[in-house]
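The values are calculated or read from the model by the stated rules, or taken from the named source; none is laboratory data. Here the structure is a predicted model, which means the values were calculated and not measured. For neighbour counting, all protein chains shown are included, and Cβ atoms are generated from backbone atoms with ideal geometry for every residue, glycine included. The area values use the complete protein model at the heavy-atom level, side chains included, leaving out ligands, DNA and RNA. Shrake-Rupley method; radii C 1.70, N 1.55, O 1.52, S 1.80 Å.
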Amino acid sequence: DTAVSQTPKYLVTQMGNDKSIKCEQNLGHDTMYWYKQDSKKFLKIMFSYNNKELIINETVPNRFSPKSPDKAHLNLHINSLELGDSAVYFCASSQDSAPPEAFFGQGTRLTVV
Amino acid sequence: AQSVSQHNHHVILSEAASLELGCNYSYGGTVNLFWYVQYPGQHLQLLLKYFSGDPLVKGIKGFEAEFIKSKFSFNLRKPSVQWSDTAEYFCAVNVEYSGAGSYQLTFGKGTKLSVIP
């Protein structure tokens, strides 16, 4: 069983479209994250949810909206996609109990054309 | 805010050479430290971690790292690399976010390791 799974793995879409990436974890973790990895491989946190509540919201355009229907899911919805949104998006989860260790999903490669 | 610096952008080694990748962090409090590896086209996998105790930690695939608190460093080492170690390596520090009980994992910019057969 995959611990942290993301769908889709690849996403190619046109500028201006709206798209969603789904993430599910079956580890029973309390916290889930979205990270963006740019073309230079730099990983930056976007959001963190703890028990369905937004904890971290880094400087991210408000076109990006995370949704957590329950603590096992954290979806990422992106409105009005731009060329600069092209990147690999990683979902991760960790348990609240310190010290936490993050487990990552396979990533979603988003290409905006 | 915490930050992580990885000094080497790209390291090229021949098989059987020894490896050391530098990592320094800036944070005044208690930190948890990690090294992740990303093989080409794949997701991040944990190599090793340091939470407390023995500052020399051993991970998978023969990797080890040493936490030196006075130097704010957590360098990754391997005595003899293999072609299959070709990957991107990320150092990361995990600190509690604003006392909220949630942790923020901050990554370095990564070091690309190319091992030549």
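For (1) more than 11 Å from chain A (Cβ to nearest Cβ); (2) in a strand (DSSP E or B); (3) among the polar types (S, T, N, Q), each residue gets a yes or a no:
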{"position": "B:PHE67", "(1), (2), (3)": "yes, yes, no"}
{"position": "B:VAL81", "(1), (2), (3)": "yes, no, no"}
{"position": "B:SER84", "(1), (2), (3)": "yes, no, yes"}
{"position": "B:TYR89", "(1), (2), (3)": "no, yes, no"}
{"position": "B:ALA92", "(1), (2), (3)": "no, yes, no"}
{"position": "B:VAL95", "(1), (2), (3)": "no, yes, no"}
{"position": "B:LEU105", "(1), (2), (3)": "no, yes, no"}
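Hey, A:TYR10 hits all of (1) at pLDDT 95 or above; (2) over 28 Å from B:HIS10 (Cβ atoms) but one; which does it fall short on?
Of (1) at pLDDT 95 or above; (2) over 28 Å from B:HIS10 (Cβ atoms), only one is false for A:TYR10: (2).
Within region A:83-93, is there a residue that is within 16 Å of B:ASN32 (Cβ to Cβ) and facing another protein chain (nearest Cβ under 9 Å)?
Yes, the conditions are met somewhere in region A:83-93.
Kindly indicate which of A:LYS22, A:LYS40 is surrounded by fewer than 19 Cβ atoms within 10 Å (Cβ to Cβ), at pLDDT 90 or above and not acidic (Asp, Glu).
Testing whether each residue is surrounded by fewer than 19 Cβ atoms within 10 Å (Cβ to Cβ), at pLDDT 90 or above and not acidic (Asp, Glu) leaves just A:LYS22.
Is it true that B:SER114 is open to solvent by less than 60 Å² (accessible area, probe 1.4 Å), among the hydroxyl-bearing types (Ser, Thr, Tyr), in contact (Cβ under 8 Å) with a residue 40 or more places away in the chain and within 14 Å of chain A (Cβ to nearest Cβ)?
For B:SER114, the condition - open to solvent by less than 60 Å² (accessible area, probe 1.4 Å), among the hydroxyl-bearing types (Ser, Thr, Tyr), in contact (Cβ under 8 Å) with a residue 40 or more places away in the chain and within 14 Å of chain A (Cβ to nearest Cβ) - is met.
Within region A:49-67, track down each residue that is within 12 Å of chain B (Cβ to nearest Cβ) and surrounded by 18 or more Cβ atoms within 10 Å (Cβ to Cβ).
A:TYR49, A:ASN50, A:ILE55, A:ILE56 - these are the residues of region A:49-67 that are within 12 Å of chain B (Cβ to nearest Cβ) and surrounded by 18 or more Cβ atoms within 10 Å (Cβ to Cβ).
Inside region A:63-113, counting only strands (runs of 3 or more DSSP E) that do not spill past its ends, which hold 2 or more residues that are under 12 Å from the mean Cα position of the chain (by Cα) and within 16 Å of A:HIS29 (Cα to Cα)?
A:87-94
Which one of these does B:THR86 not meet: (1) within 14 Å of the chain's Cα centre (by Cα); (2) surrounded by fewer than 22 Cβ atoms within 10 Å (Cβ to Cβ); (3) of a type outside the set (D, E, K, R); (4) modelled with pLDDT of 95 or more?
Every listed condition holds for B:THR86 apart from (1).
Could you tell me which residue of region A:24-48 is farthest from the other protein chains (Cβ to nearest Cβ), considering only residues that are in a loop (DSSP other than H, G, I, E, B) and free of Cβ contacts under 8 Å to residues at least 40 places away in the same chain?
Result: A:LYS40.
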